[in-house]
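Here the structure is laid out as structure tokens; the discussion comes afterwards.
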């Protein structure tokens, strides 16, 4: 097996940034034995100091995607400039974006995405994204989903709905809320998942 680390693009949550996400990921990273290079990036700023991937009122977070076109174009350029990445990890809004990437890859660009990891994510219900989720073959990639049973920001059922977009999702839950949990069970399951992706790479 190659000693080369997996390269994983990391997408932060709404009003977050790469520095915040790195801190949120650290407890989980500390428990991994599989070599992984986590590459966190800032969303294209839609306003001064505001790094959202798109905007919408909280009640409409599943179907309001103002700024999506800008984010899509930015991602196309990012993958061309900084890729390839073996996989993508996203938290919250970043997880929702991660859920769109397999379909985006099939529809618009070849990014060679091999797996996806999502924590506290939700599935877009926006009309412009239906064609992405319709790319069923693209969603055969392995996926790993972390769901908080007491999440009050993104309902656990919304995160489970996102998981159903993928053919064979690995779903792990924790008793906490809207966080990237690093319980022993999640660390072990994610390490096994990543080790398998590295083996198959």
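Against the numbered list (1) at negative phi; (2) modelled with pLDDT of 60 or more, residue 48 comes up short only at (2).
Condition check ((1) part of a helix (DSSP H, G or I); (2) more than 13 Å from residue 119 (Cα to Cα)) across all residues:
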residue: 144; (1), (2): no, no
residue: 154; (1), (2): no, no
residue: 167; (1), (2): no, yes
residue: 173; (1), (2): no, no
residue: 179; (1), (2): no, no
residue: 188; (1), (2): yes, yes
residue: 193; (1), (2): yes, yes
residue: 196; (1), (2): yes, yes
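Please tell me if residue 143 is buried (at least 21 other Cβ atoms within 10 Å of the Cβ) and in contact (Cβ under 8 Å) with a residue 24 or more places away in the chain. Yes; evaluated as a whole, the condition is true for this residue.
Which residues, counting only those in the stretch 14-41, are in a loop (DSSP other than H, G, I, E, B) and within 26 Å of residue 67 (Cα to Cα)?
14, 15, 16, 17
Within the option set 106, 96, being at pLDDT 90 or above and part of a helix (DSSP H, G or I) holds for one residue only, 96. Taken over the stretch 146-181, the criterion of being surrounded by fewer than 19 Cβ atoms within 10 Å (Cβ to Cβ) and touching a residue at least 60 places away in the same chain (Cβ under 8 Å) is satisfied by 153, 178, 179.
The values are calculated or read from the model by the stated rules, or taken from the named source; none is laboratory data. Because the structure is predicted, anything quoted here is derived from the model rather than measured. No Cβ is skipped: glycine too gets one built from the backbone with ideal geometry, and neighbour counts run over all protein chains shown.
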